[in-house]
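S.K.: Below is the structure I would like to discuss, written out as structure tokens.
The values are calculated or read from the model by the stated rules, or taken from the named source; none is laboratory data. Remember, predicted model here, so these are calculated numbers, not experimental data. Glycine also receives a Cβ, built like all others from the backbone with ideal geometry; neighbour counts cover every protein chain displayed. Please note that ligands, DNA and RNA were not included when accessible areas were found on the heavy atoms of the full protein model with its side chains. Shrake-Rupley method; radii C 1.70, N 1.55, O 1.52, S 1.80 Å.
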Amino acid sequence: MLELDLGLRLPSIAIDVRLDVDDEILVLFGPSGAGKTLTIKMIAGLERPSRGRAVINGTVVFDADERIDRPPQQRNTGYVPQRSGVFPHLTAAENIALPLARGRQRLTRGTAHEQALALLERFGLGQRAGAYPAQMSGGELQRVALARVMALQPDVLLVDEPFAALDGPVRAGLRREFREFQRELGVPAIFITHDIEEAAVVGDRIAIMVAGQIRQVGRTREILDAPVDREVAMLAQSGNLFDGTVAERGGETVIETPVGPLRVPQCRLAPGSAATAVIRPEGIRVMREDRSVERFANATLLDAVIQDIADHGSLTSVTSTVGAGRITVTLSPTAASNLGLERGKRIRLAIPPAWVHVIPGEPGEGLARGRYDGGR
Amino acid sequence: MLRYRSSSDSRPGAERLAGSVRGRPSALLWLSTAVLLAFILTPIIAIFWRGFGDVQIFDRLGDPVVRESLRLSLVTTGITLGVTIIFGTPTAYLLGRHEFRGKAAVSTLIDLPMVLPPAVAGIALLMAFGRRGVLGPALSDYLGIELPFTLAAVVIAQTFVAMPLYVRSARSGFEAIDDEYMQIAATMGLSRPAVFRAVTLPLALPALVSGAVLTWARALGEFGATIMFAGNFAGRTQTMPLAIFESLEGGDPGASLALSAILIIVSFTVLIAFQWLTRSSTARSG
């Protein structure tokens, strides 16, 4: 269990973080410069907060009012910095044995070395025990870094974009391994990334951080389906974003948008006020243009022309123009081929109100306005 | 420079350079290089030519002048190196790892002896520690220490002139270490001394060693400050460069050629050792 309420005032940024993390992976997600790294450095004791309190596993490691500030040596955190931090002057085995022999555990040299070899074996690096970091691949280095952290049995894992520099397949494998690794340790983990796909795959929960503040914390689905504001929706690539105005039409609330009026779930917004509609690409149904539409009685129906089709393997994403706007839809490749979708073809889209998430307010400050740029 | 690079650090600049510089170098480039090489090699070859020709330097290696000055040089440069490492390493660490007010001034002052003419350094030392110097009388009256014209004076002159080379190199070695390594080590529970011993020092070691090599080589060749401050007494302050000077002045080129040959071989070895150290440290770090 990790309880955080920390503030840091720097000339460049003001950070305020309130978070409770159970034995789970909390992804700290946000654009670069949001203060993610500073946040975990405060937890590890590498950066001194200006105010607040941090409790790791029941132990107060920082309390501004009580003047408690434990040094990094006495916090038992497993910190993995961005570039793995594997010592270049030591072999893989020595990297793991060093903290075992000279850190908190104070094992004898022989025991430390044996444990290091066992851990390397576990991480599939048995053959590489004698290799220096310069001779290892990026994926191997990250495994050494993880093995080294595991050796220390930390009370919390703090990892900073560990897989950012790796190739696709290696990344996918390491994400899975990291999840297994965290479950095995059974401790809270904070995992920093600025890749929403990675956030969704690795995290049990996601905390969205923008300009030093946590904007939203929730399960991946909650963030994708119901972003609290337009900026979060854009960062999390929640889907199609349409800025518009709330209006009444035949007793129903709709949002007037560039793609036409969208039916929305019960909505407490006053007509005439500004709002943004967020629609997940998988929530929109695609039909032939002549298809009867009884099944989607209360859905918004839009006629569209296909602009582009991209095959992502298990998903096909279709971008189409509707009126003055664009809508991206994802569907299974089977469905796409059954419908005979191709560029320039006319289709009909059905948008059930339940899939329309409404964010009240004027669009826009902070991030540049932009359109959802395709599937994932 | 001596620097550990992280493995992800590729050097696109180097590739681009190699890619864009094509074609054969022109004859003019070769010619000027050949002239320069000849200019450097001729005097060196001349020493061995004369040395093995009419003076037989192998026979002169046993000369008392040669043996005494060789011994004195090894002893004094050894002590100089020790003193330099003991005082220079903490200073280099302070300059390389910390920010403080007046850092630029401290760093400039430490570099000063490097650009000061050695003769001036010798006079300056004499004015400070000499019999009629600023501190000299106090040293001899209260502590009974007479520095000028002693082995200690040789060491002081060498240290004064050669220490900056070590501090510079060691400082850049400490500076080049990524904070991340020290931070990680701290979170792993290593105490500050343990972090220094197990992480900082080994990472800076190639820079420390090459700095030590440069300092030692400079101390070995020190002439101006030594002859000014320590004088030229055989067996007491007469190091190899001073012995070369004296035997040549005294009309005995044999001893000076023998000593010169030794110094050339030593210099060459130092240069190769320095290059090897620089290369091996960058090779291991990628």
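S.K.: Checking the structure you have, find out if any residue of the range A:98-108 is without any contact (Cβ under 8 Å) to a residue 40 or more places away in the chain, open to solvent by 30 Å² or more (accessible area, probe 1.4 Å) and assigned to a helix (DSSP H, G or I).
M.R.: yes
S.K.: Right, next: Looking at the range B:203-225, which of the residues that are small (Gly, Ala, Ser) and within 14 Å of chain A (Cβ to nearest Cβ) is nearest to B:Met127 (Cα to Cα)? First the steps, then the outcome.
M.R.: The initial filter retains those residues of the range B:203-225 that are small (Gly, Ala, Ser), namely B:204, B:207, B:210-212, B:217, B:219, B:221, B:224-225.
Right, trim to within 14 Å of chain A (Cβ to nearest Cβ) and you get B:204, B:207.
Values: B:Ala204: 37, B:Ala207: 34 Å.
Among those residues, the one meeting the criterion is B:Ala207.
S.K.: A follow-up question, please. Does B:Gly53 qualify as being assigned to a helix (DSSP H, G or I) and under 30 Å from B:Arg197 (Cα atoms)?
M.R.: no
S.K.: Any idea which residue in the range B:185-202 is nearest to the chain's Cα centre (by Cα), counting only those that are more than 7 Å from every other protein chain (Cβ to nearest Cβ) and not charged (D, E, K, R)?
M.R.: Start the filter on the range B:185-202 by keeping residues that are more than 7 Å from every other protein chain (Cβ to nearest Cβ), which leaves B:185, B:192-193, B:195-197, B:200-201.
Narrowing further to those that are not charged (D, E, K, R): B:185, B:193, B:195-196, B:200-201.
On the way: B:Ala185: 32, B:Pro193: 28, B:Val195: 28, B:Phe196: 25, B:Thr200: 23, B:Leu201: 20 Å.
Filtering first and then ranking leaves B:Leu201.
S.K.: Can you tell me which condition B:Tyr93 does not meet? The list is (1) touching a Ser or Thr at 6+ places or on another chain (Cβ under 9 Å); (2) assigned to a loop (DSSP other than H, G, I, E, B), and all the others hold.
M.R.: (2)
S.K.: For the range A:207-225, which positions are without any contact (Cβ under 8 Å) to a residue 40 or more places away in the chain and not in a helix (DSSP H, G or I)?
M.R.: A:Arg215, A:Gln216, A:Gly218, A:Arg219
S.K.: When you scan the range A:190-197, do you find a residue that is within 25 Å of A:Ala101 (Cβ to Cβ), within 14 Å of chain B (Cβ to nearest Cβ), surrounded by 23 or more Cβ atoms within 10 Å (Cβ to Cβ) and of a type in the set (A, V, I, L, M), even just one? Talk me through it step by step, then tell me what you get.
M.R.: Residues of the range A:190-197 within 25 Å of A:Ala101 (Cβ to Cβ): none.
No, that holds for no residue.
S.K.: OK, next. Taking the conditions exactly as written (open to solvent by 30 Å² or more (accessible area, probe 1.4 Å), more than 11 Å from chain A (Cβ to nearest Cβ), out of contact with any helix residue (DSSP H, G or I) (no Cβ under 7 Å at 6 or more places or on another chain) and charged (D, E, K, R)), does B:Asp141 satisfy them or not?
M.R.: Details: open to solvent by 30 Å² or more (accessible area, probe 1.4 Å): yes; more than 11 Å from chain A (Cβ to nearest Cβ): yes; out of contact with any helix residue (DSSP H, G or I) (no Cβ under 7 Å at 6 or more places or on another chain): yes; charged (D, E, K, R): yes.
It is true that B:Asp141 is open to solvent by 30 Å² or more (accessible area, probe 1.4 Å), more than 11 Å from chain A (Cβ to nearest Cβ), out of contact with any helix residue (DSSP H, G or I) (no Cβ under 7 Å at 6 or more places or on another chain) and charged (D, E, K, R).
S.K.: Residues of the range A:145-177 being among the hydrophobic types (A, V, I, L, M, F, W, C), part of a helix (DSSP H, G or I) and either under 30 Å from A:Val55 (Cβ atoms) or not assigned by TED's automatic domain parsing to the domain that holds A:Ala101 (or both), which ones?
M.R.: At the first step, the residues of the range A:145-177 found to be among the hydrophobic types (A, V, I, L, M, F, W, C) are A:145-147, A:149-152, A:156-159, A:163-166, A:170, A:172, A:174.
Narrowing further to those that are part of a helix (DSSP H, G or I): A:145-147, A:149-151, A:170, A:172, A:174.
Selection gives A:Ala145, A:Leu146, A:Ala147, A:Val149, A:Met150, A:Ala151, A:Leu174.
S.K.: Going through A:Val232, A:Val187, A:Val228 one at a time, which residue ends up being closer than 30 Å to A:Val259 by Cα and in contact (Cβ under 8 Å) with a residue 40 or more places away in the chain? Before the answer, list the steps.
M.R.: Values: A:Val232 fails: in contact (Cβ under 8 Å) with a residue 40 or more places away in the chain; A:Val187 fails: closer than 30 Å to A:Val259 by Cα.
The unique qualifying residue is A:Val228.
S.K.: Taking A:Leu90 as meeting all but one of (1) in contact (Cβ under 8 Å) with a residue 40 or more places away in the chain; (2) farther than 28 Å from A:Glu177 by Cβ, write down the number of the exception.
M.R.: Going through the list (1) in contact (Cβ under 8 Å) with a residue 40 or more places away in the chain; (2) farther than 28 Å from A:Glu177 by Cβ, A:Leu90 breaks only (2).
S.K.: Within the group A:Gly85, A:Gly78, which residue is within 8 Å of chain B (Cβ to nearest Cβ), buried (at least 24 other Cβ atoms within 10 Å of the Cβ), in contact (Cβ under 8 Å) with a residue 40 or more places away in the chain and assigned to a strand (DSSP E or B)?
M.R.: Values: A:Gly85 fails: assigned to a strand (DSSP E or B).
Step by step, each of A:Gly85, A:Gly78 is checked, and only A:Gly78 is within 8 Å of chain B (Cβ to nearest Cβ), buried (at least 24 other Cβ atoms within 10 Å of the Cβ), in contact (Cβ under 8 Å) with a residue 40 or more places away in the chain and assigned to a strand (DSSP E or B).
S.K.: Considering A:Gly283, A:Gly250, which residue is within 20 Å of A:Ala354 (Cβ to Cβ) and touching a residue at least 60 places away in the same chain (Cβ under 8 Å)? Let's see the steps before the verdict.
M.R.: Numbers: A:Gly250 fails: touching a residue at least 60 places away in the same chain (Cβ under 8 Å).
Residue meeting the stated conditions: A:Gly283.
S.K.: Hey, among the residues in the range A:297-318 that are of a type in the set (Gly, Ala, Ser) and open to solvent by 70 Å² or more (accessible area, probe 1.4 Å), which one's farthest from A:Leu331 (Cα to Cα)? Reasoning before the result, please.
M.R.: Narrowing the range A:297-318 to residues of a type in the set (Gly, Ala, Ser): A:297, A:299, A:304, A:310, A:313-314, A:317.
With open to solvent by 70 Å² or more (accessible area, probe 1.4 Å) added as a condition, the list becomes A:297, A:314.
Details: A:Ala297: 21, A:Ser314: 9 Å.
Top of the filtered list is A:Ala297.
S.K.: Would you check which residues across the range A:46-66 are crowded, with 24+ Cβ neighbours inside 10 Å and small (Gly, Ala, Ser) and list them?
M.R.: If the condition is that a residue be crowded, with 24+ Cβ neighbours inside 10 Å and small (Gly, Ala, Ser), then A:Ala54 is the only one that fits.
S.K.: Ok, one more. Given A:Leu38, A:Leu26, which one is more than 23 Å from B:Val195 (Cα to Cα), away from chain B (no Cβ under 12 Å) and among the hydrophobic types (A, V, I, L, M, F, W, C)?
M.R.: Numbers: A:Leu38 fails: more than 23 Å from B:Val195 (Cα to Cα).
One residue alone meets the criteria, A:Leu26.
S.K.: Just for the range A:99-115: of the residues that are of a type in the set (Gly, Ala, Ser) and at pLDDT 85 or above, which one is farthest from the chain's Cα centre (by Cα)? Don't jump to the end; show me each part of the working.
M.R.: Filtering the range A:99-115 for residues of a type in the set (Gly, Ala, Ser) gives A:101, A:103, A:110, A:112.
In the following step, the residues that additionally are at pLDDT 85 or above were identified as A:101, A:110, A:112.
Values: A:Ala101: 36, A:Gly110: 41, A:Ala112: 36 Å.
Per the criteria, the residue is A:Gly110.
S.K.: When only residues in the range A:149-188 that are in contact with a helix residue (DSSP H, G or I) (Cβ under 8 Å, 6 or more places away or on another chain), within 12 Å of chain B (Cβ to nearest Cβ) and more than 24 Å from A:Gly58 (Cα to Cα) count, which is most open to solvent (accessible area, probe 1.4 Å)?
M.R.: A:Ala165
S.K.: Check B:Phe39, B:Phe48, B:Phe58 and return the single one that is part of a helix (DSSP H, G or I) and at pLDDT below 85. Reasoning before the result, please.
M.R.: Values: B:Phe39 fails: at pLDDT below 85; B:Phe48 fails: at pLDDT below 85.
Only one candidate qualifies: B:Phe58.
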